[in-house]
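First up is the structure itself, then whatever we jot down about it.
The values are calculated or read from the model by the stated rules, or taken from the named source; none is laboratory data. Remember, predicted model here, so these are calculated numbers, not experimental data. Cβ placement follows ideal geometry from the backbone for every residue including glycine, while neighbour counts extend to all protein chains displayed. Accessible surface areas use protein heavy atoms only, side chains included; no ligands, DNA or RNA. Shrake-Rupley method; radii C 1.70, N 1.55, O 1.52, S 1.80 Å.
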Amino acid sequence: MDPRDPAFRRPGGFPSPAERRRALAAVVTYLRCPSCAGPVYLGGGRLACGRGHSFDLARQGYANLTAGRPEPGTADTTAMVAARDRFLSGGHYQPLAAAVRSLAARHDHRGPGLAIDLAGGTGYYLARTLDALPHRHGVCLDLSVPALRRAARAHRRAAALGADVWQPLPLAARSAAVVLSIFGPRNAAETSRILTPDGTLILAVPGAAHLRELTEPLGMIGIDQHKPRRLAEAYRGYAPSEVITVNYQLKLEHADLTALVTMGPSARHITPQDLAARIRGLSSPATVTVDLQIRALRHRNPG
């Protein structure tokens, strides 16, 4: 096992197949069929509902609960997921993970419910959150099969499920005590539906300076100036409980820069050859700013 892998530092390494199944069994009562919204059960090598809709478990331990085919190009590719794993395993976003973990620990009211990571990728942030919440099980939702394969082994109390966060989520109402939304797409209506009345939503919101040194030289997608206003409108039913500002500078070698760009949506807008040529024009190591707000939010009028 690569000592840079996050699982190497977790006692016992990756969860066994039996532990992955136990994690899925622990969350199944909160799951709903994506076809009919009925309860599902775990039997043999599949999840199924009372109306006969069934969803096979992959040998890696995840289940795909997407209803229909997602739009082409919406799920992260194998190359994007591998790049994310390399970059996160280098510890470059560890301060972000620590902020998410601390907010989850301070604002978890210990009532019933899961920790849910929306568009959670490899389960990196969910795993660290569950380390701080030993009484909870978690679910990582993502469209990407390569990401789900990794998320299924991220933590002994985490299940990995294929789902499109833009669509109705395969989760019961009020099933989530903690919801993480870190960089990925956000569905405010579904988040409100699944969050318990005293639950906590944790958002990571990029600031104006986030990765600013790379935006123009590497052709990365910039920060949308209207994003704060759109977020405020989408989550107007929430009140902030706490905000942590995460601001620091990284010194990244060219290989790290390649992974950083390749792991995100900018990778869809630049060829590997063009990216490599642009990176060669930068110093090594390059100084890169991380500028984020990590927000813990709660329902204004829980009911």
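Structure above, values below:
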quantity: Residue list for the stretch 105-148, restricted to those being farther than 17 Å from residue 184 by Cβ, touching a helix residue (DSSP H, G or I) at 6+ places or on another chain (Cβ under 8 Å) and among the hydrophobic types (A, V, I, L, M, F, W, C); calculated: 105, 114, 132, 133
quantity: Leading residue by the ranking (nearest to residue 134 (Cα to Cα)) among those in the stretch 170-181 that are open to solvent by less than 10 Å² (accessible area, probe 1.4 Å) and not small (Gly, Ala, Ser); calculated: 178
quantity: Residue tally, condition without any contact (Cβ under 8 Å) to a residue 40 or more places away in the chain and in a loop (DSSP other than H, G, I, E, B), over the stretch 116-165; calculated: 3
quantity: Members of the stretch 189-222 that are open to solvent by 40 Å² or more (accessible area, probe 1.4 Å) and more than 19 Å from residue 95 (Cβ to Cβ); calculated: 189, 192, 193, 197, 198, 215, 216, 217, 221, 222
quantity: Any chance residue 264 is out of contact with any helix residue (DSSP H, G or I) (no Cβ under 6 Å at 6 or more places or on another chain) and open to solvent by 50 Å² or more (accessible area, probe 1.4 Å); calculated: no
quantity: Tabulated pairs, the stretch 222-251, first more than 16 Å from residue 103 (Cα to Cα), second in a strand (DSSP E or B) and of a type in the set (Ser, Thr, Tyr), C-beta under 8 angstrom, 6+ apart or interchain; calculated: 247/289; 248/289; 249/287; 249/289; 250/287; 250/289; 251/287
quantity: Whichever residue in the stretch 154-167 is modelled with pLDDT under 95 and open to solvent by 50 Å² or more (accessible area, probe 1.4 Å) and, among such residues, is nearest to residue 55 (Cα to Cα); calculated: 167
quantity: Tally, over the stretch 247-291, of residues that are over 24 Å from the mean Cα position of the chain (by Cα) and among the aliphatic types (A, V, I, L, M); calculated: 6
quantity: Selection from the stretch 32-62 of residues that are assigned to a strand (DSSP E or B), of a type in the set (D, E, K, R) and free of Cβ contacts under 8 Å to residues at least 24 places away in the same chain; calculated: 46, 56
quantity: Selection count where residues are open to solvent by less than 10 Å² (accessible area, probe 1.4 Å) and within 15 Å of residue 76 (Cβ to Cβ), scope the stretch 138-151; calculated: 6
quantity: Residue match in the stretch 257-278 (condition: closer than 23 Å to residue 185 by Cβ and of a type in the set (Ser, Thr, Tyr)); calculated: yes
